Each structure stands twice: as structure tokens, then as C-alpha cells.
Amino acid sequence: MPGLRNGSMMIEGRIGRDAPAGAWRLAFRCGPDHPVAVAVRTPDPGGSRLGALFGRRHSLGPRHSLTYADGAVVLVEPRGGDATVLRRGTGAPIGTILHGTSSTAAAATGGTLCHFVPHPTVPRRPDLFHLLVLDQSGNEFGRIQVIRTVAGWSPHHVDELWDTHLWWDRGGEDLPLPILGTRLVVERRVDQDELDALLGACVDMALGLRPYIAAMRGEDPDPGPSPPPTPVGCTHRGTGGKPD
């Protein structure tokens, strides 16, 4: 499996369609022949008659399913503006991601899975957002790049420690969307709950347009060379709107 020279792993998630009029999907791969998972939008039970019967008349945001290559399913479900719930396809809880100026994934069994914080030294760019992934003690063990434009896929954004397979040099497709995908790198082995939280967060940001740090809310006090601060969900380029 292609990865980093130090034994870590890189997973790219790119938004695309199966057909020109098809629904948007986020396909994760860790190499050209190594699919990891696919995420798509799923029906919102809050809009059903059963949901209305139980007082869930209004959608809390787009709901997505993440299906791994082995068939395992993770559901990514928003709960208002400040939380995202992760569940297995069987209904078993995984955890909850709490959102503020940064975001934290808490395990259903207690404890912290990880924190998502802005990169402290890399300035905000018009082509991507940089996030660090910290463990419960505040130690960095991963990074996420949220790709905003085709230029964000450029290999010059890849750290010198990352492997330079031709796979990572692929250009991306320009889409009428504010987010084109994500690039995740982890620097150590992660367990299943951690991986579910990391990929669930990528789905939430890319397909769900959920801001995980202040810069994605348009609240960065030092935006640098990027465009004027605008919430990520409102930066559509073209007429395609949000991912389906």
C-alpha cells in the first residue's frame, strides 16, 4: 500500500460523479489500485412521515453514509450546528464530533478520539484549508488538507516527508463546488474508531460543508492572501450548488 516513508498512510478523498447527472460522491483511496471507502448522501429520516411523527420535521443538515471496501458502513449525521454523530450501519454508536473554533471527536465509550485544529504556522490559502489532527494529549499525529480549488491538489502542498508516488501528482477536476475533496495523512497506525472519526470528518467537511475550524467559518482574524472571509457553505463557484 503506498504510504509515507516512515510507515504512515495518506488517503485522498475526491468528489466526483458516476454519471454527468448523478449524485456527488466522495471516493477515498490510498493509491491508484487501493480504494478505501466511498461516501454518498443518504435520505434524511427527519423528512419522512415517521420522522415528522416523532417531531423531526426539519432536516438538521445533510446525512451521509461512508461504505468501506469490505462493506462496513459508517453513518455521518449532523445534530444541529455544533455536533455530528457517527454510527455504524448496524446502529452501534461510534462517537460525536463537537464543533466550535476547533473540533473534537469524542468516543461513545468515553474519552477523546482526536482534535481538529488549525495549522499554527501555515497561513490560510485560497486553494485549501490546513488542519492538524491531535491526540487526546495534544500531540500531533495527522494532518488534513481540505481542497478548495484544483490548485490545492498540487504536489507542492505535500510535505517533504510524504511519499512522492505518481499517484499523488494527479491533477484534479474543476467542479462547481466550494470543496473538491480532502487529503489525510496519519503518522502512526490508527484503530478503527479513529479511522472512522477521521474519514467521517472528511465526509462532513467535503460533502456536508461543515466548518471544523474558525477559518472555514470565515472567522479567521488574519486571512492573508485568501478571498474575503465567507462561510465555506456559501462559496459556491458556479450553479452546481451543494453536493447532493
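Residue 85 - would you say it is surrounded by 20 or more Cβ atoms within 10 Å (Cβ to Cβ) and either not charged (D, E, K, R) or not in a loop (DSSP other than H, G, I, E, B) (or both)? I'd like the intermediate steps shown before the answer.
On the way: surrounded by 20 or more Cβ atoms within 10 Å (Cβ to Cβ): no; either not charged (D, E, K, R) or not in a loop (DSSP other than H, G, I, E, B) (or both): yes.
No, not satisfied.
So, in segment 34-61, how many residues would count as being part of a loop (DSSP other than H, G, I, E, B), open to solvent by 30 Å² or more (accessible area, probe 1.4 Å) and either on the phi < 0 side of the Ramachandran plot or at pLDDT 65 or above (or both)? Let's see the steps before the verdict.
Start the filter on segment 34-61 by keeping residues that are part of a loop (DSSP other than H, G, I, E, B), which leaves 34, 43-44, 48, 54-61.
Now narrow it down to the ones that are open to solvent by 30 Å² or more (accessible area, probe 1.4 Å): 34, 43-44, 48, 54-60.
Subset that is either on the phi < 0 side of the Ramachandran plot or at pLDDT 65 or above (or both): 34, 43-44, 48, 54, 56-60.
So the count comes out to 10.
Which members of segment 88-107 meet the condition of being part of a loop (DSSP other than H, G, I, E, B) and of a type in the set (Ser, Thr, Tyr)? Working first, answer last.
Of the residues in segment 88-107, the ones part of a loop (DSSP other than H, G, I, E, B) are 89-92, 100-102.
Scanning segment 88-107 gives 90, 101, 102.
Tell me whether segment 15-24 contains one or more residues that are buried (at least 18 other Cβ atoms within 10 Å of the Cβ), among the aromatic types (Phe, Trp, Tyr), at pLDDT 95 or above and in contact with a strand residue (DSSP E or B) (Cβ under 7 Å, 6 or more places away or on another chain).
Within segment 15-24, the subset buried (at least 18 other Cβ atoms within 10 Å of the Cβ) is 15, 24.
Retained after the next criterion (residues that are among the aromatic types (Phe, Trp, Tyr)): 24.
Those left that are additionally at pLDDT 95 or above: none.
No, the conditions are met nowhere in segment 15-24.
Out of segment 62-82, which residues are assigned to a loop (DSSP other than H, G, I, E, B), modelled with pLDDT of 95 or more and surrounded by 14 or more Cβ atoms within 10 Å (Cβ to Cβ)?
So in segment 62-82, the residues assigned to a loop (DSSP other than H, G, I, E, B) come out as 62, 69-72, 79-82.
Adding the requirement that they be modelled with pLDDT of 95 or more leaves 69-72.
Hit for segment 62-82 is 72, nothing else.
The values are calculated or read from the model by the stated rules, or taken from the named source; none is laboratory data. All values reported here derive from a predicted model rather than from experimental measurement. Counting neighbours? That spans all protein chains shown, and the Cβs are built from the backbone with ideal geometry, glycine included. Areas reflect the complete protein model, heavy atoms only, side chains present, ligands, DNA and RNA absent. Shrake-Rupley method; radii C 1.70, N 1.55, O 1.52, S 1.80 Å.
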